[in-house]
Amino acid sequence: MAQGLTEKPSVPELPRRNRTEAVERGLSAIAATAFERAGFRDPALILRWAEIVGPEIARYARPMRLSEGPSGGVLTLKSEPGASVFLQHESRTLCERINTYLGRSAIARLRFVPGEVAVRAAVAPLSGTAAEASATDPARGFQGPERLKEALINLARSRRRPVSPGTD
């Protein structure tokens, strides 16, 4: 055989299915792998973090890694630099809360890594009082059934919520 004529083994092609799959099928496997790589066999600790430790602590710390050691598990938390000292004092209480949630003594100690924790934007509830619809609003000039006119005025009021000072 000549040098240039060597045949390479062909790669078998996968059959095309010509249909789409649900994103959840592939994504759940990828997410499970990512959680496992960070040491979390069960992602509930991350997904329910605010419920477990409370909303105040959840604002300042997020779980990053769970590693098993000879003396027990070590949960690494990313926390705001100023909050690390406070959280260190609360570490025994936090370990008890986490272990109670997990139903076993999985966490022996906490390790804090300083860093900026991304704040989740909370949706502000709408205030109960609405501003009055303006006199020039088209809903006020509606000529039709009274119930429909009142519904349109209520809609106009809800669009004109009072603006709190300091917001644009």
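Considering only region 50-107, give the helices (runs of 4 or more DSSP H) lying wholly within it that have at least 2 residues that are in contact with a helix residue (DSSP H, G or I) (Cβ under 9 Å, 6 or more places away or on another chain) and over 18 Å from F40 (Cβ atoms).
On the way: elements: 55-60, 81-89, 91-102.
By residue number, 55-60, 81-89.
Residues of region 1-48 being in a helix (DSSP H, G or I), in contact with a helix residue (DSSP H, G or I) (Cβ under 9 Å, 6 or more places away or on another chain) and either farther than 30 Å from A61 by Cα or at pLDDT 80 or above (or both), which ones? Break it down into steps so the answer makes sense when it comes.
Keep residues of region 1-48 that are in a helix (DSSP H, G or I), which gives 3-5, 23-37, 44-47.
Right, trim to in contact with a helix residue (DSSP H, G or I) (Cβ under 9 Å, 6 or more places away or on another chain) and you get 35, 44-46.
Correct list: A44, L45, I46.
Can you report the number of residues in region 45-88 which are crowded, with 18+ Cβ neighbours inside 10 Å, among the charged types (D, E, K, R) and closer than 15 Å to Y101 by Cα?
0
Between a first residue in region 68-90 that is closer than 16 Å to A118 by Cβ and a second residue that is modelled with pLDDT of 85 or more and among the hydroxyl-bearing types (S, T, Y), which pairs have beta carbons less than 8 Å apart while being 6 or more apart in sequence or on different chains?
S79/Y60; E80/Y60; A83/Y60
The values are calculated or read from the model by the stated rules, or taken from the named source; none is laboratory data. Computed from a predicted model, the values in this text were never measured in an experiment. Reconstructed Cβ throughout: ideal geometry from the backbone, glycine too, with neighbour counts over all protein chains shown.
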